Amino acid sequence: MLEAAEGDIVFEDGKFQVTGTDKAKTFGEIAFSAYVPHNYPLETLEPGLEETSFYDPANFTYPAGAYACEVEVDPETGQVSVCSFTCADDFGNVMNPMIVEGQVHGGVGQGIGQALLENTSYDENGQLLSGSYMDYAMPRAEDVPFYTVDHSCVTACTHNPLGVKGCGEAGAIGSPPAVVNAVIDALQRGGYKHVKHIDMPVSPARVWAAING
Amino acid sequence: MYDFEFVKPSSIAEAAKALAADGAQALSGGQTLLPTMKQRLAAPGTLVSLTGIAEMQGVCLSDGGLHIGGATPHAVVAAQAKPHYPALAALAGGIGDPAVRNRGTIGGSIANNDPAACYPSAVLASGATVVTNKRKIAADDYFQGMFTTALEEGEFVIEVRFPIPQKAAYVKFNQPASRFALTGVFVAKFADGVRVAVTGASNDGVFRWAEAEAALSADFRAEAIAGLVVDGSDMISDLHGSGAYRANLVKVLTGRAVSAA
Ligand SMILES: Cc1cc2nc3c(=O)[nH]c(=O)nc-3n(C[C@H](O)[C@H](O)[C@H](O)COP(=O)(O)OP(=O)(O)OC[C@H]3O[C@@H](n4cnc5c(N)ncnc54)[C@H](O)[C@@H]3O)c2cc1C
(Lines give C-alpha, C1' and ligand atoms only; values in the text may rest on other atoms or scores of the structure.)
Protein backbone atom coordinates (compact mmCIF):
# COMPACT_ATOMS: atom_id res chain seq x y z
CA MET A 1 0.00 0.00 0.00
CA LEU A 2 2.81 2.37 0.87
CA GLU A 3 5.36 0.70 -1.42
CA ALA A 4 8.07 0.92 1.20
CA ALA A 5 10.16 -1.43 3.32
CA GLU A 6 8.80 -2.25 6.77
CA GLY A 7 11.75 -0.53 8.45
CA ASP A 8 10.99 2.78 6.71
CA ILE A 9 7.45 3.05 8.11
CA VAL A 10 6.68 4.77 11.37
CA PHE A 11 3.34 4.91 13.22
CA GLU A 12 2.57 8.35 14.59
CA ASP A 13 -0.64 10.30 15.36
CA GLY A 14 -2.83 7.48 14.07
CA LYS A 15 -0.98 7.37 10.73
CA PHE A 16 1.52 5.08 9.10
CA GLN A 17 4.11 7.31 7.43
CA VAL A 18 7.08 6.51 5.18
CA THR A 19 9.96 8.35 6.82
CA GLY A 20 11.21 11.38 4.97
CA THR A 21 8.19 11.47 2.60
CA ASP A 22 4.62 12.71 2.77
CA LYS A 23 3.32 9.24 1.90
CA ALA A 24 0.94 8.09 4.67
CA LYS A 25 -2.13 5.95 5.37
CA THR A 26 -4.45 6.38 8.31
CA PHE A 27 -5.21 3.52 10.68
CA GLY A 28 -8.73 3.40 9.25
CA GLU A 29 -7.45 2.97 5.69
CA ILE A 30 -5.12 0.17 6.75
CA ALA A 31 -7.91 -1.61 8.65
CA PHE A 32 -10.25 -1.24 5.68
CA SER A 33 -7.81 -2.78 3.24
CA ALA A 34 -7.09 -5.63 5.69
CA TYR A 35 -10.74 -6.64 5.35
CA VAL A 36 -11.19 -5.71 1.65
CA PRO A 37 -7.98 -7.29 0.45
CA HIS A 38 -8.32 -6.90 -3.34
CA ASN A 39 -4.68 -5.82 -3.73
CA TYR A 40 -3.28 -8.02 -0.96
CA PRO A 41 -0.38 -10.43 -1.48
CA LEU A 42 -2.72 -13.25 -0.56
CA GLU A 43 -0.04 -15.96 -0.85
CA THR A 44 2.07 -14.42 1.89
CA LEU A 45 -0.39 -12.48 4.00
CA GLU A 46 -3.72 -13.57 5.41
CA PRO A 47 -6.45 -10.90 5.35
CA GLY A 48 -7.87 -9.55 8.61
CA LEU A 49 -6.47 -7.52 11.46
CA GLU A 50 -6.43 -9.22 14.82
CA GLU A 51 -4.45 -8.91 17.99
CA THR A 52 -4.92 -10.49 21.38
CA SER A 53 -3.16 -9.64 24.58
CA PHE A 54 -3.74 -11.08 28.00
CA TYR A 55 -3.56 -9.01 31.14
CA ASP A 56 -2.50 -10.94 34.20
CA PRO A 57 -3.00 -8.76 37.27
CA ALA A 58 -0.71 -9.16 40.26
CA ASN A 59 -3.61 -10.32 42.43
CA PHE A 60 -7.40 -10.74 42.50
CA THR A 61 -9.62 -7.82 43.45
CA TYR A 62 -11.50 -7.92 46.74
CA PRO A 63 -14.71 -5.88 46.70
CA ALA A 64 -16.58 -5.65 49.99
CA GLY A 65 -20.18 -4.75 50.77
CA ALA A 66 -23.00 -4.78 53.26
CA TYR A 67 -26.64 -5.58 52.36
CA ALA A 68 -29.71 -4.77 54.43
CA CYS A 69 -33.16 -6.15 53.69
CA GLU A 70 -36.52 -5.47 55.31
CA VAL A 71 -39.32 -8.00 54.87
CA GLU A 72 -42.89 -8.46 56.02
CA VAL A 73 -44.15 -11.96 56.76
CA ASP A 74 -47.83 -12.88 56.87
CA PRO A 75 -47.84 -15.61 59.53
CA GLU A 76 -51.23 -16.95 58.45
CA THR A 77 -50.15 -17.73 54.89
CA GLY A 78 -46.34 -17.62 55.13
CA GLN A 79 -46.18 -15.02 52.37
CA VAL A 80 -43.01 -12.93 52.44
CA SER A 81 -42.79 -9.50 50.84
CA VAL A 82 -39.58 -7.57 50.46
CA CYS A 83 -40.27 -3.99 51.57
CA SER A 84 -36.89 -2.36 51.17
CA PHE A 85 -33.39 -3.27 50.20
CA THR A 86 -30.18 -1.29 50.63
CA CYS A 87 -26.79 -2.22 49.24
CA ALA A 88 -23.49 -0.55 50.10
CA ASP A 89 -20.52 -1.75 48.08
CA ASP A 90 -16.89 -0.76 47.80
CA PHE A 91 -16.01 -1.54 44.20
CA GLY A 92 -12.89 0.65 44.19
CA ASN A 93 -12.94 3.33 41.51
CA VAL A 94 -16.20 3.27 39.60
CA MET A 95 -15.82 4.18 35.93
CA ASN A 96 -19.50 4.14 34.95
CA PRO A 97 -21.80 4.47 37.97
CA MET A 98 -24.99 3.80 36.03
CA ILE A 99 -23.79 0.47 34.68
CA VAL A 100 -22.53 -0.52 38.09
CA GLU A 101 -25.88 0.33 39.73
CA GLY A 102 -27.72 -1.65 37.07
CA GLN A 103 -25.43 -4.59 37.66
CA VAL A 104 -26.22 -4.49 41.38
CA HIS A 105 -29.98 -4.14 40.73
CA GLY A 106 -29.94 -7.18 38.47
CA GLY A 107 -27.93 -9.20 40.95
CA VAL A 108 -30.22 -8.33 43.85
CA GLY A 109 -33.28 -9.24 41.79
CA GLN A 110 -31.69 -12.57 40.97
CA GLY A 111 -30.80 -13.09 44.62
CA ILE A 112 -34.34 -12.31 45.80
CA GLY A 113 -35.57 -14.83 43.26
CA GLN A 114 -33.17 -17.44 44.59
CA ALA A 115 -34.07 -16.68 48.18
CA LEU A 116 -37.84 -16.68 47.79
CA LEU A 117 -38.95 -18.22 44.50
CA GLU A 118 -36.71 -20.21 42.20
CA ASN A 119 -36.78 -23.94 42.72
CA THR A 120 -35.46 -26.72 40.52
CA SER A 121 -37.41 -29.56 42.02
CA TYR A 122 -37.32 -33.27 41.09
CA ASP A 123 -39.56 -36.07 42.25
CA GLU A 124 -38.23 -39.40 43.52
CA ASN A 125 -38.05 -40.78 39.95
CA GLY A 126 -35.87 -37.93 38.76
CA GLN A 127 -38.72 -36.21 36.94
CA LEU A 128 -38.29 -32.43 36.86
CA LEU A 129 -41.36 -30.89 38.53
CA SER A 130 -40.56 -27.29 37.71
CA GLY A 131 -39.94 -27.72 34.01
CA SER A 132 -41.84 -24.66 32.79
CA TYR A 133 -42.61 -21.17 34.03
CA MET A 134 -45.99 -22.46 35.20
CA ASP A 135 -44.08 -24.11 38.05
CA TYR A 136 -40.64 -22.50 38.04
CA ALA A 137 -41.12 -19.17 39.79
CA MET A 138 -39.01 -16.36 38.37
CA PRO A 139 -38.88 -13.03 40.21
CA ARG A 140 -40.97 -10.36 38.50
CA ALA A 141 -41.02 -6.60 38.87
CA GLU A 142 -43.71 -6.76 41.55
CA ASP A 143 -41.66 -9.21 43.64
CA VAL A 144 -38.86 -6.73 44.24
CA PRO A 145 -38.76 -3.26 45.84
CA PHE A 146 -36.92 -0.17 44.63
CA TYR A 147 -33.32 -0.53 45.70
CA THR A 148 -31.06 1.91 47.45
CA VAL A 149 -27.54 1.48 46.16
CA ASP A 150 -24.52 3.20 47.65
CA HIS A 151 -20.96 3.41 46.33
CA SER A 152 -19.70 6.26 48.45
CA CYS A 153 -16.98 4.16 50.03
CA VAL A 154 -14.16 3.95 47.49
CA THR A 155 -11.00 2.08 48.38
CA ALA A 156 -9.04 1.96 45.16
CA CYS A 157 -7.64 -1.43 44.26
CA THR A 158 -3.83 -1.30 44.54
CA HIS A 159 -2.88 -3.86 41.94
CA ASN A 160 -4.47 -2.71 38.73
CA PRO A 161 -3.86 0.61 37.00
CA LEU A 162 -7.54 1.69 37.14
CA GLY A 163 -8.00 0.94 40.83
CA VAL A 164 -11.19 -0.99 40.02
CA LYS A 165 -12.71 -4.11 41.61
CA GLY A 166 -15.13 -6.72 40.41
CA CYS A 167 -18.83 -5.89 40.78
CA GLY A 168 -20.67 -8.36 38.56
CA GLU A 169 -21.79 -10.89 41.13
CA ALA A 170 -21.95 -8.74 44.25
CA GLY A 171 -25.71 -8.25 44.19
CA ALA A 172 -26.45 -11.93 43.69
CA ILE A 173 -24.00 -12.92 46.44
CA GLY A 174 -25.13 -10.47 49.10
CA SER A 175 -28.87 -10.64 48.66
CA PRO A 176 -29.94 -14.26 49.39
CA PRO A 177 -28.52 -14.34 52.93
CA ALA A 178 -29.87 -10.84 53.59
CA VAL A 179 -33.39 -11.91 52.56
CA VAL A 180 -33.40 -15.22 54.43
CA ASN A 181 -31.91 -13.68 57.58
CA ALA A 182 -34.54 -10.95 57.43
CA VAL A 183 -37.30 -13.58 57.29
CA ILE A 184 -35.85 -15.49 60.25
CA ASP A 185 -35.42 -12.23 62.17
CA ALA A 186 -39.00 -11.19 61.45
CA LEU A 187 -40.32 -14.55 62.66
CA GLN A 188 -38.19 -14.40 65.80
CA ARG A 189 -39.43 -10.92 66.61
CA GLY A 190 -42.96 -12.02 65.88
CA GLY A 191 -42.67 -14.59 68.64
CA TYR A 192 -41.85 -17.68 66.56
CA LYS A 193 -38.64 -18.29 68.49
CA HIS A 194 -38.34 -21.91 67.41
CA VAL A 195 -37.73 -20.93 63.75
CA LYS A 196 -33.98 -20.82 63.27
CA HIS A 197 -33.58 -21.97 59.68
CA ILE A 198 -35.62 -22.28 56.48
CA ASP A 199 -34.17 -23.76 53.28
CA MET A 200 -34.24 -21.64 50.13
CA PRO A 201 -36.49 -20.90 48.39
CA VAL A 202 -38.32 -19.49 51.37
CA SER A 203 -41.73 -20.14 49.83
CA PRO A 204 -45.00 -19.34 51.61
CA ALA A 205 -45.59 -23.04 52.25
CA ARG A 206 -42.15 -23.47 53.81
CA VAL A 207 -42.53 -20.40 56.03
CA TRP A 208 -45.94 -21.61 57.18
CA ALA A 209 -44.55 -25.11 57.83
CA ALA A 210 -41.66 -23.65 59.83
CA ILE A 211 -44.02 -21.53 61.93
CA ASN A 212 -46.29 -24.49 62.58
CA GLY A 213 -43.48 -27.07 62.82
CA MET B 1 -48.56 -28.70 16.54
CA TYR B 2 -50.32 -31.12 14.19
CA ASP B 3 -52.33 -30.11 11.15
CA PHE B 4 -55.99 -29.17 11.72
CA GLU B 5 -58.99 -27.60 10.02
CA PHE B 6 -60.47 -24.35 11.31
CA VAL B 7 -64.06 -23.14 11.12
CA LYS B 8 -65.62 -20.04 12.63
CA PRO B 9 -69.42 -20.30 12.65
CA SER B 10 -71.55 -17.24 13.36
CA SER B 11 -74.52 -18.96 14.99
CA ILE B 12 -75.09 -21.45 17.78
CA ALA B 13 -76.86 -23.83 15.40
CA GLU B 14 -73.93 -23.85 12.97
CA ALA B 15 -71.47 -24.35 15.84
CA ALA B 16 -73.54 -27.25 17.19
CA LYS B 17 -73.49 -28.86 13.79
CA ALA B 18 -69.75 -28.39 13.37
CA LEU B 19 -69.06 -29.74 16.85
CA ALA B 20 -71.12 -32.84 16.22
CA ALA B 21 -68.57 -34.00 13.63
CA ASP B 22 -65.91 -36.56 14.50
CA GLY B 23 -62.64 -35.01 15.77
CA ALA B 24 -64.13 -31.53 16.19
CA GLN B 25 -63.26 -29.49 19.26
CA ALA B 26 -64.41 -26.10 20.53
CA LEU B 27 -61.88 -23.27 20.52
CA SER B 28 -62.59 -20.17 22.55
CA GLY B 29 -59.73 -17.97 23.79
CA GLY B 30 -57.19 -20.69 23.09
CA GLN B 31 -55.22 -19.87 26.23
CA THR B 32 -55.40 -23.45 27.41
CA LEU B 33 -56.06 -25.39 24.23
CA LEU B 34 -53.42 -23.84 21.95
CA PRO B 35 -50.44 -24.45 24.30
CA THR B 36 -51.68 -28.05 24.66
CA MET B 37 -51.77 -28.42 20.88
CA LYS B 38 -48.33 -26.84 20.53
CA GLN B 39 -46.99 -29.47 22.92
CA ARG B 40 -48.72 -32.10 20.78
CA LEU B 41 -50.78 -33.23 23.75
CA ALA B 42 -53.98 -32.58 21.79
CA ALA B 43 -54.61 -33.11 18.10
CA PRO B 44 -58.16 -32.08 17.20
CA GLY B 45 -59.07 -32.61 13.55
CA THR B 46 -61.18 -29.45 13.37
CA LEU B 47 -61.17 -26.44 15.63
CA VAL B 48 -64.57 -24.79 15.89
CA SER B 49 -64.06 -21.20 17.01
CA LEU B 50 -66.84 -19.94 19.25
CA THR B 51 -65.72 -16.32 19.26
CA GLY B 52 -67.69 -15.23 16.18
CA ILE B 53 -71.14 -15.89 17.66
CA ALA B 54 -72.87 -12.70 18.78
CA GLU B 55 -75.14 -14.37 21.41
CA MET B 56 -72.07 -15.77 23.16
CA GLN B 57 -70.49 -12.35 23.74
CA GLY B 58 -70.96 -9.81 26.49
CA VAL B 59 -72.40 -9.16 29.91
CA CYS B 60 -76.03 -8.22 30.53
CA LEU B 61 -78.47 -7.85 33.40
CA SER B 62 -81.53 -10.01 32.96
CA ASP B 63 -84.21 -11.37 35.37
CA GLY B 64 -82.25 -9.81 38.25
CA GLY B 65 -79.18 -11.88 37.41
CA LEU B 66 -76.02 -11.28 35.45
CA HIS B 67 -75.78 -13.23 32.19
CA ILE B 68 -72.35 -13.68 30.67
CA GLY B 69 -71.89 -15.02 27.16
CA GLY B 70 -69.73 -18.14 27.04
CA ALA B 71 -67.13 -16.57 24.76
CA THR B 72 -66.78 -13.35 26.77
CA PRO B 73 -63.14 -12.63 27.59
CA HIS B 74 -62.08 -12.13 31.20
CA ALA B 75 -61.13 -8.49 30.53
CA VAL B 76 -64.67 -7.70 29.35
CA VAL B 77 -66.18 -9.30 32.45
CA ALA B 78 -63.70 -7.38 34.64
CA ALA B 79 -64.88 -4.11 33.10
CA GLN B 80 -68.60 -4.72 32.48
CA ALA B 81 -69.62 -6.81 35.51
CA LYS B 82 -68.09 -4.30 37.92
CA PRO B 83 -71.18 -2.16 38.64
CA HIS B 84 -73.44 -5.23 39.05
CA TYR B 85 -71.30 -7.93 40.63
CA PRO B 86 -67.98 -6.41 41.78
CA ALA B 87 -66.60 -9.62 43.31
CA LEU B 88 -67.04 -11.46 40.02
CA ALA B 89 -65.46 -8.60 38.09
CA ALA B 90 -62.52 -8.56 40.49
CA LEU B 91 -62.04 -12.30 40.05
CA ALA B 92 -62.00 -11.94 36.25
CA GLY B 93 -59.56 -9.02 36.54
CA GLY B 94 -57.18 -11.16 38.59
CA ILE B 95 -56.88 -14.03 36.13
CA GLY B 96 -53.48 -14.39 34.46
CA ASP B 97 -52.02 -11.33 32.76
CA PRO B 98 -53.52 -8.81 30.29
CA ALA B 99 -52.88 -11.08 27.29
CA VAL B 100 -54.64 -14.01 28.96
CA ARG B 101 -57.54 -11.78 30.08
CA ASN B 102 -58.05 -10.38 26.60
CA ARG B 103 -58.21 -13.82 24.98
CA GLY B 104 -59.31 -16.31 27.66
CA THR B 105 -63.05 -16.72 28.19
CA ILE B 106 -65.47 -17.82 30.89
CA GLY B 107 -66.80 -20.71 28.77
CA GLY B 108 -63.30 -22.02 28.10
CA SER B 109 -62.41 -21.73 31.75
CA ILE B 110 -65.38 -23.63 33.13
CA ALA B 111 -65.30 -26.20 30.31
CA ASN B 112 -61.68 -26.93 31.12
CA ASN B 113 -62.38 -26.94 34.91
CA ASP B 114 -58.72 -26.74 35.88
CA PRO B 115 -58.54 -27.54 39.62
CA ALA B 116 -56.66 -24.26 40.15
CA ALA B 117 -58.86 -22.04 37.97
CA CYS B 118 -60.70 -19.07 39.46
CA TYR B 119 -64.06 -19.00 37.64
CA PRO B 120 -65.36 -22.39 38.85
CA SER B 121 -65.41 -21.03 42.42
CA ALA B 122 -67.54 -18.05 41.39
CA VAL B 123 -69.95 -20.19 39.40
CA LEU B 124 -70.35 -22.67 42.25
CA ALA B 125 -70.53 -20.11 45.10
CA SER B 126 -73.04 -18.02 43.20
CA GLY B 127 -75.20 -21.03 42.45
CA ALA B 128 -75.04 -20.01 38.81
CA THR B 129 -76.68 -21.83 35.92
CA VAL B 130 -74.61 -23.05 33.00
CA VAL B 131 -76.58 -22.75 29.78
CA THR B 132 -75.45 -25.02 26.95
CA ASN B 133 -76.71 -25.59 23.43
CA LYS B 134 -78.75 -28.50 24.85
CA ARG B 135 -79.89 -27.64 28.39
CA LYS B 136 -79.47 -25.65 31.60
CA ILE B 137 -77.18 -27.16 34.23
CA ALA B 138 -77.10 -26.04 37.88
CA ALA B 139 -73.57 -25.29 39.12
CA ASP B 140 -73.95 -27.97 41.79
CA ASP B 141 -74.38 -30.58 39.04
CA TYR B 142 -71.96 -29.10 36.53
CA PHE B 143 -68.52 -29.53 38.17
CA GLN B 144 -67.70 -33.23 38.46
CA GLY B 145 -64.06 -33.32 39.53
CA MET B 146 -60.70 -32.18 38.24
CA PHE B 147 -60.94 -31.34 34.50
CA THR B 148 -64.35 -33.03 34.44
CA THR B 149 -67.77 -31.46 33.88
CA ALA B 150 -71.31 -32.49 33.03
CA LEU B 151 -70.76 -31.42 29.40
CA GLU B 152 -71.36 -34.20 26.92
CA GLU B 153 -69.75 -34.79 23.54
CA GLY B 154 -70.61 -31.91 21.23
CA GLU B 155 -72.19 -29.86 24.03
CA PHE B 156 -70.85 -26.36 24.68
CA VAL B 157 -71.37 -23.49 27.10
CA ILE B 158 -73.23 -20.60 25.53
CA GLU B 159 -73.95 -18.57 28.65
CA VAL B 160 -73.49 -18.52 32.42
CA ARG B 161 -76.29 -16.97 34.51
CA PHE B 162 -75.24 -15.61 37.88
CA PRO B 163 -77.70 -14.72 40.63
CA ILE B 164 -76.33 -11.58 42.27
CA PRO B 165 -75.56 -12.03 45.98
CA GLN B 166 -76.03 -9.35 48.65
CA LYS B 167 -72.37 -9.55 49.49
CA ALA B 168 -69.51 -11.50 48.00
CA ALA B 169 -65.74 -11.64 47.70
CA TYR B 170 -63.11 -13.83 46.12
CA VAL B 171 -59.72 -14.12 47.76
CA LYS B 172 -57.01 -15.85 45.79
CA PHE B 173 -53.62 -16.93 47.04
CA ASN B 174 -51.34 -17.03 44.02
CA GLN B 175 -49.27 -20.04 43.16
CA PRO B 176 -45.88 -18.28 43.02
CA ALA B 177 -45.00 -19.30 39.44
CA SER B 178 -48.20 -19.62 37.40
CA ARG B 179 -50.29 -17.16 39.46
CA PHE B 180 -53.22 -19.52 39.19
CA ALA B 181 -54.94 -20.08 42.53
CA LEU B 182 -52.74 -22.11 44.87
CA THR B 183 -56.01 -21.91 46.73
CA GLY B 184 -58.89 -19.49 46.20
CA VAL B 185 -62.14 -19.02 48.08
CA PHE B 186 -65.33 -17.39 46.82
CA VAL B 187 -67.88 -16.44 49.49
CA ALA B 188 -71.37 -15.30 48.44
CA LYS B 189 -74.10 -14.21 50.87
CA PHE B 190 -77.68 -14.47 49.64
CA ALA B 191 -80.91 -13.70 51.46
CA ASP B 192 -81.42 -17.41 52.07
CA GLY B 193 -77.90 -18.33 53.11
CA VAL B 194 -74.19 -18.25 52.39
CA ARG B 195 -72.33 -20.32 49.81
CA VAL B 196 -68.58 -20.94 50.03
CA ALA B 197 -66.66 -22.47 47.11
CA VAL B 198 -63.02 -23.46 47.22
CA THR B 199 -60.70 -23.87 44.25
CA GLY B 200 -57.06 -25.00 44.01
CA ALA B 201 -57.17 -27.21 47.08
CA SER B 202 -58.99 -30.42 46.34
CA ASN B 203 -58.01 -33.37 44.16
CA ASP B 204 -61.69 -33.41 43.18
CA GLY B 205 -61.59 -29.85 41.84
CA VAL B 206 -63.78 -27.01 43.06
CA PHE B 207 -65.98 -27.84 46.07
CA ARG B 208 -68.39 -26.25 48.54
CA TRP B 209 -67.31 -26.03 52.16
CA ALA B 210 -70.53 -27.02 53.88
CA GLU B 211 -69.48 -26.41 57.52
CA ALA B 212 -68.40 -22.87 56.73
CA GLU B 213 -71.64 -22.23 54.84
CA ALA B 214 -73.65 -23.31 57.89
CA ALA B 215 -71.57 -21.25 60.30
CA LEU B 216 -71.62 -18.15 58.08
CA SER B 217 -75.32 -18.43 57.31
CA ALA B 218 -75.90 -18.13 61.07
CA ASP B 219 -73.30 -15.43 61.64
CA PHE B 220 -71.63 -13.70 58.69
CA ARG B 221 -68.37 -12.73 60.36
CA ALA B 222 -64.85 -14.17 59.94
CA GLU B 223 -64.92 -15.18 63.62
CA ALA B 224 -67.80 -17.55 62.91
CA ILE B 225 -65.49 -20.08 61.24
CA ALA B 226 -62.66 -19.78 63.79
CA GLY B 227 -63.53 -23.09 65.41
CA LEU B 228 -63.81 -25.10 62.17
CA VAL B 229 -61.15 -27.63 61.22
CA VAL B 230 -60.25 -28.34 57.58
CA ASP B 231 -58.80 -31.74 56.81
CA GLY B 232 -55.88 -31.51 54.40
CA SER B 233 -55.06 -35.20 54.15
CA ASP B 234 -56.84 -35.61 50.79
CA MET B 235 -55.96 -32.20 49.41
CA ILE B 236 -53.58 -31.43 46.55
CA SER B 237 -49.97 -31.75 47.63
CA ASP B 238 -47.25 -30.52 45.24
CA LEU B 239 -44.02 -28.57 45.19
CA HIS B 240 -45.91 -25.36 46.00
CA GLY B 241 -47.59 -26.62 49.14
CA SER B 242 -48.75 -29.65 51.07
CA GLY B 243 -52.35 -30.66 51.66
CA ALA B 244 -52.05 -29.34 55.21
CA TYR B 245 -50.87 -25.96 53.90
CA ARG B 246 -53.79 -25.77 51.48
CA ALA B 247 -56.20 -26.72 54.25
CA ASN B 248 -54.84 -23.81 56.26
CA LEU B 249 -55.30 -21.49 53.28
CA VAL B 250 -58.91 -22.61 52.86
CA LYS B 251 -59.73 -21.37 56.34
CA VAL B 252 -57.58 -18.22 56.25
CA LEU B 253 -58.87 -17.14 52.84
CA THR B 254 -62.49 -17.86 53.75
CA GLY B 255 -62.13 -15.57 56.76
CA ARG B 256 -60.55 -12.88 54.61
CA ALA B 257 -63.24 -13.21 51.96
CA VAL B 258 -65.95 -12.76 54.58
CA SER B 259 -64.21 -9.66 55.91
CA ALA B 260 -63.79 -8.28 52.39
CA ALA B 261 -67.37 -9.00 51.28
C1 LIG C 1 -50.30 -17.61 31.62
C2 LIG C 1 -51.68 -18.03 31.99
C3 LIG C 1 -52.17 -17.69 33.24
C4 LIG C 1 -53.46 -18.05 33.60
N5 LIG C 1 -53.89 -17.72 34.85
C6 LIG C 1 -55.12 -18.09 35.23
C7 LIG C 1 -55.62 -17.77 36.52
O8 LIG C 1 -54.95 -17.11 37.33
N9 LIG C 1 -56.86 -18.19 36.86
C10 LIG C 1 -57.65 -18.88 35.98
O11 LIG C 1 -58.76 -19.20 36.33
N12 LIG C 1 -57.21 -19.20 34.75
C13 LIG C 1 -55.98 -18.82 34.35
N14 LIG C 1 -55.54 -19.14 33.10
C15 LIG C 1 -56.43 -19.91 32.20
C16 LIG C 1 -57.30 -18.96 31.41
O17 LIG C 1 -58.32 -18.46 32.20
C18 LIG C 1 -57.88 -19.68 30.18
O19 LIG C 1 -58.35 -18.67 29.38
C20 LIG C 1 -59.03 -20.65 30.44
O21 LIG C 1 -58.64 -21.70 31.26
C22 LIG C 1 -59.48 -21.28 29.14
O23 LIG C 1 -60.25 -20.36 28.44
P24 LIG C 1 -60.08 -20.19 26.88
O25 LIG C 1 -61.22 -19.34 26.46
O26 LIG C 1 -58.73 -19.73 26.56
O27 LIG C 1 -60.34 -21.69 26.38
P28 LIG C 1 -59.64 -22.55 25.23
O29 LIG C 1 -58.19 -22.71 25.49
O30 LIG C 1 -60.05 -22.06 23.91
O31 LIG C 1 -60.38 -23.93 25.51
C32 LIG C 1 -60.14 -24.68 26.70
C33 LIG C 1 -60.98 -25.95 26.68
O34 LIG C 1 -62.36 -25.66 26.79
C35 LIG C 1 -63.07 -26.08 25.61
N36 LIG C 1 -64.02 -25.00 25.36
C37 LIG C 1 -63.74 -23.70 25.08
N38 LIG C 1 -64.86 -22.97 25.05
C39 LIG C 1 -65.88 -23.81 25.32
C40 LIG C 1 -67.30 -23.65 25.43
N41 LIG C 1 -67.88 -22.47 25.28
N42 LIG C 1 -68.03 -24.75 25.72
C43 LIG C 1 -67.46 -25.95 25.89
N44 LIG C 1 -66.13 -26.16 25.80
C45 LIG C 1 -65.35 -25.10 25.52
C46 LIG C 1 -62.04 -26.30 24.56
O47 LIG C 1 -62.44 -27.27 23.64
C48 LIG C 1 -60.85 -26.74 25.39
O49 LIG C 1 -60.96 -28.09 25.71
C50 LIG C 1 -54.27 -18.77 32.69
C51 LIG C 1 -53.79 -19.10 31.43
C52 LIG C 1 -52.51 -18.75 31.07
C53 LIG C 1 -52.02 -19.11 29.71
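The values are calculated or read from the model by the stated rules, or taken from the named source; none is laboratory data. The shown structure was predicted, so the numbers you read here are calculated from the model rather than taken from an experiment. Please note: Cβ atoms are built from the backbone with ideal geometry, for glycine as well, and neighbour counts cover all protein chains shown.
Listing for the model above:
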read-out	value
Sole residue being in the same structural domain as B:Ile106 (by TED's automatic domain parsing), more than 28 Å from B:Val7 (Cα to Cα), among the aliphatic types (A, V, I, L, M) and within 14 Å of the ligand (Cβ to nearest atom), chosen from B:Ala78, B:Ala71	B:Ala78
Members of the range B:230-255 that are polar (S, T, N, Q), in a helix (DSSP H, G or I) and more than 7 Å from chain A (Cβ to nearest Cβ)	B:Thr254
Residue match in the range B:98-107 (condition: among the polar types (S, T, N, Q), away from every other protein chain (no Cβ under 14 Å) and within 12 Å of the ligand (Cβ to nearest atom))	yes
Single match in B:Ala181, B:Ala261, B:Ala168, B:Ala215 (criterion: away from every other protein chain (no Cβ under 14 Å) and buried (at least 24 other Cβ atoms within 10 Å of the Cβ))	B:Ala168
The range B:219-229: number of residues that are in a helix (DSSP H, G or I) and over 22 Å from A:Ala205 (Cβ atoms)	3
A:Thr158 being in a strand (DSSP E or B) and either closer than 30 Å to A:Phe60 by Cβ or not assigned by TED's automatic domain parsing to the domain that holds A:Cys69 (or both)	no
Some residue of the range A:95-109 being in a loop (DSSP other than H, G, I, E, B) and away from chain B (no Cβ under 12 Å)	yes
Within the range A:1-29, tally of residues that are under 19 Å from A:Leu49 (Cα atoms) and either at pLDDT 90 or above or touching a helix residue (DSSP H, G or I) at 6+ places or on another chain (Cβ under 9 Å) (or both)	15
From B:Ala138, B:Ala71, B:Ala116, B:Ala111, residue being buried (at least 19 other Cβ atoms within 10 Å of the Cβ) and more than 23 Å from B:Val48 (Cα to Cα)	B:Ala116
Contacts under 9 angstrom Cβ, first residue in the range A:128-157 being more than 9 Å from chain B (Cβ to nearest Cβ), partner of a type in the set (Lys, Arg), 6 or more apart	A:Thr155/A:Lys165; A:Ala156/A:Lys165; A:Cys157/A:Lys165
